[in-house]
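The block underneath contains the structure these notes are about, expressed in structure tokens.
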Amino acid sequence: MSLTDLPAISADPYGPEAIHDPYPLYERIREAGPVVHLEQYGVAATARYEVARAALLDWETFSSARGVGLADLKDSEKWPGLKPSGLVEQDPPNHTVARKAINTLFTPAQMRSLQESIERRADELVAELVERGRFDAYQDLAHDFVMSIVPDLIGVPEAGRENMIPFSTLSIQASTSPHNDRIREIMSEAAHLREYIETSSRRENLAAGSMGSLIWELVDEGRIDAELAVKLIRGLLTAGMDTTIYAIVNAIRSMLEFPDQWRALRDDPSLAQRVADETLRYESVTQTITRTVNVDTEFFGARLAEGTKFIVFNSATGRDPDKWGDRANRFDLDGASRGHLGLGFGIHQCVGQPLARMEIQALFTALATRAGELRAGDGEVELLGVPPLRSWTRLPVEVTAA
Ligand code: HEM
């Protein structure tokens, strides 16, 4: 059975309809079979939890080093000039070296040292927004909160920080999505963003004691080389901010959609520790995780040839009824979201998750403690609209004091 013998899906998961509401398409993909053929892109894909988990676990068959987007980095004729990133686009043994190095930035002790200042910042910001009575969940809450924490942690210079979110959204898109007109437009405007990131990652420009400068210390210790250091810092700048911003927005949106869950949180602020996981199960920020089949393989009845791109709709797996039962399509802080794939799975599972969890927990603890009612506000709601990320860049909210 070749790719074309698999159940065929002609709809475009990166097209306007799916951007607006991907879940009907995800359901079709899931019901069509364990592995389907996405005709428009000539790739294999899955929307089933069990299949996705197995693929992400098997890094030998489903390689990241050949690119985590639709481009095959091994095929330099078809995709000239593309180079793998330092961590997420590496397989062992390179990945193991890089991952061990970066793990040292996210130890429990490192995280404990950040907790107090993150909680303080969350409380100050939420107090201000509750007093104001209305806020935009993207700009005033998520963006301003994360941007007041993470750039200082990584240690990049103050000047030019407004470039960071456009850069990271651009990089994630450029490496993981088909190059449509929107992406080409963004890329053409991006030269100054790349320059900013190049300059910011230089050793002399990073604050002493920051995560960025700790990465350079790993070079001094002979654990990694300078080229990898630059790539790892770039990786943090790409992956460490907008993902968390969008997760916070998705959490607020889910609570507006399920007001009983906002009330449950307000009545018991300790539920804030469940917000990150339930949000990433129900409304995942990253819609897809892509791999390349590295050797001919038989997988859940599908014969996949070496070189085939394989898309895991990790967002869809969060609503797979075979895994989540009746709660699949419901946002619920009951604590049963363990095992979701919103942070990936296997050797590449998100390394920055302790930081993201801490930020999200601090913010929602502050909201649960200080806010009373939380309602959708007046004004336009705007979808981010840049796959593979799903979130909103405008979401007005009205809030009362507790
Ligand atoms: C809620 C926020 C976040 C989400 C939804 C998220 C999502 C993900 C996902 C899905 C992956 C797996 C990619 C793959 O397997 O191809 C990943 C990996 C990664 N994430 Fe996150 N992430 C978040 C926050 C962060 C933060 C705060 C940082 C750093 C400060 C970070 C740094 C990374 C890095 C460096 C990797 C690559 C890990 C590896 O390849 O070993 N992420 N993230």
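The values are calculated or read from the model by the stated rules, or taken from the named source; none is laboratory data. The model shown is predicted, which means the values in this text are computed figures rather than measured ones. All Cβ positions, even for glycine, are placed from backbone atoms using ideal geometry, and neighbour counts span all protein chains on display. Side chains are part of the model used for accessible areas, which takes the heavy atoms of the whole protein and leaves out ligands, DNA and RNA. Shrake-Rupley method; radii C 1.70, N 1.55, O 1.52, S 1.80 Å.
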Report summary line: Subset of the range 218-240, residues under 14 Å from SER85 (Cα atoms) and within 12 Å of the ligand (Cβ to nearest atom), comes to LYS231, LEU232, ILE233, ARG234, GLY235, LEU236, LEU237, THR238, ALA239
Query raised in the report: What do you reckon, is ILE289 touching a His at 6+ places or on another chain (Cβ under 6 Å) and near the ligand (Cβ under 10 Å from one of its atoms)?
Result: no
Query - Residue that is nearest to the ligand (Cβ to nearest atom) [pool: residues in the range 337-360 that are surrounded by 22 or more Cβ atoms within 10 Å (Cβ to Cβ) and more than 21 Å from ALA52 (Cβ to Cβ)] - result: LEU355
Query - Among the candidates SER76, SER10, residue that is closer than 26 Å to ASN329 by Cβ, out of contact with any helix residue (DSSP H, G or I) (no Cβ under 6 Å at 6 or more places or on another chain) and free of Cβ contacts under 8 Å to residues at least 60 places away in the same chain - result: SER10
Query raised in the report: Hey, any hits in the range 19-39 for a residue that's surrounded by 14 or more Cβ atoms within 10 Å (Cβ to Cβ), β-branched (Val, Ile, Thr), at pLDDT below 95 and under 20 Å from LEU228 (Cα atoms)?
Result: no
Report task. Filter the range 193-217 for residues that are within 14 Å of the ligand (Cβ to nearest atom) and not in a loop (DSSP other than H, G, I, E, B) and give the result. Result -> MET211, GLY212, LEU214, ILE215
Report task. Report yes if some residue within the range 295-315 is free of Cβ contacts under 8 Å to residues at least 12 places away in the same chain and either within 16 Å of the ligand (Cβ to nearest atom) or touching a Pro at 6+ places or on another chain (Cβ under 8 Å) (or both); otherwise report no. Result -> no
Report summary line: Counted residues in the range 28-43 being within 25 Å of the chain's Cα centre (by Cα) and within 18 Å of VAL293 (Cα to Cα) come to 8
Report task. Search the range 203-247 for residues being among the basic types (Lys, Arg) and in contact (Cβ under 8 Å) with a residue 40 or more places away in the chain, and hand back the single one that is least open to solvent (accessible area, probe 1.4 Å). Result -> LYS231
Requested in this report: Go through (1) in contact with a Leu (Cβ under 6 Å, 6 or more places away or on another chain); (2) more than 30 Å from ASP136 (Cβ to Cβ); (3) more than 16 Å from the ligand (Cβ to nearest atom) and name the single condition ALA368 misses.
Outcome: (2)
Report summary line: Taking the range 248-301 and the residues there that are of a type outside the set (Asp, Glu) and assigned to a strand (DSSP E or B), the one that is surrounded by the fewest Cβ atoms within 10 Å (Cβ to Cβ) would be THR297
Report task. Report the residue count in the range 42-81 for those that are open to solvent by 10 Å² or more (accessible area, probe 1.4 Å), assigned to a loop (DSSP other than H, G, I, E, B) and within 16 Å of the ligand (Cβ to nearest atom). Result -> 11
Query raised in the report: Going by the structure shown, is SER85 near the ligand (Cβ under 10 Å from one of its atoms), surrounded by fewer than 22 Cβ atoms within 10 Å (Cβ to Cβ), farther than 30 Å from LYS323 by Cα and of a type in the set (Gly, Ala, Ser)?
Result: yes
